[in-house]
Amino acid sequence: MSRTSWTALASVLAFASCAIPAHAACARWDLSGDWGAVQNNGYQPRFVLRHTPQGLQGNAAYVVDGGVTTYLLVVQKGNPARVIRASVDGTLRGNSIELTAYWNNGTVGVYNGTINAQGRIQGTTVDRMNPRSMATWYSDRPMRCAVTASRPGTPIKRIGKRPQAN
């Protein structure tokens, strides 16, 4: 290819990359519902969370059976494996989350994570009672963006009727 052809191609590619809209950042993530944390130590707790005025609240459970067994298999099929349960509370600040799981076996798991642009959470967990017990984890599904951040200079659209002056 000639130098002119390369320059033209580079110009087209540069224009095309500018014309493709980038995903807007998420202003508020929705972590509610049922999702799992896949940990590098083999445990896979399931969280069922809801957003409240106080932050995140809900429950969690994981299976202890010496093998790979899902929580649903244990609950629905009556598998004799032992299920460890917890009450959970936490906070969500921008893309950062912290969950604390108060497990019924006496341990307290602290889950810190960051939500990436695709909604997937990655982080670390530590047993508050035994800080040397640590693991990395990621969510088994992406979280939903509840509110998209507007780009600078983008007008905000209002939905609905304007209030009428009296």
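The table for this structure:
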{"read-out": "Matching entry among Arg132, Arg85 (being closer than 21 Å to Leu31 by Cβ and of a type outside the set (A, V, I, L, M, F, W, C))", "value": "Arg85"}
{"read-out": "The listed residue being over 24 Å from Gln118 (Cα atoms), at pLDDT below 95 and assigned to a strand (DSSP E or B), out of Ala61, Ala8, Ala14, Ala27", "value": "Ala61"}
{"read-out": "Residue satisfying all of: in region 123-151; among the polar types (S, T, N, Q) and loosely packed, with under 13 Cβ neighbours inside 10 Å; farthest from the chain's Cα centre (by Cα) among these", "value": "Asn130"}
{"read-out": "Single match in Val68, Val75, Val48 (criterion: at pLDDT below 85, closer than 16 Å to Asp140 by Cβ and of a type outside the set (Gly, Ala, Ser))", "value": "Val68"}
{"read-out": "Qualifying residues in region 44-66 (those that are under 15 Å from Arg82 (Cβ atoms) and surrounded by fewer than 17 Cβ atoms within 10 Å (Cβ to Cβ)) - the one nearest to the chain's Cα centre (by Cα)", "value": "Val64"}
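The values are calculated or read from the model by the stated rules, or taken from the named source; none is laboratory data. Keep in mind it's a predicted model, so treat the numbers as computed, not measured. In this analysis, Cβ positions are derived from the backbone assuming ideal geometry, glycine residues included, and neighbour counts consider all displayed protein chains.
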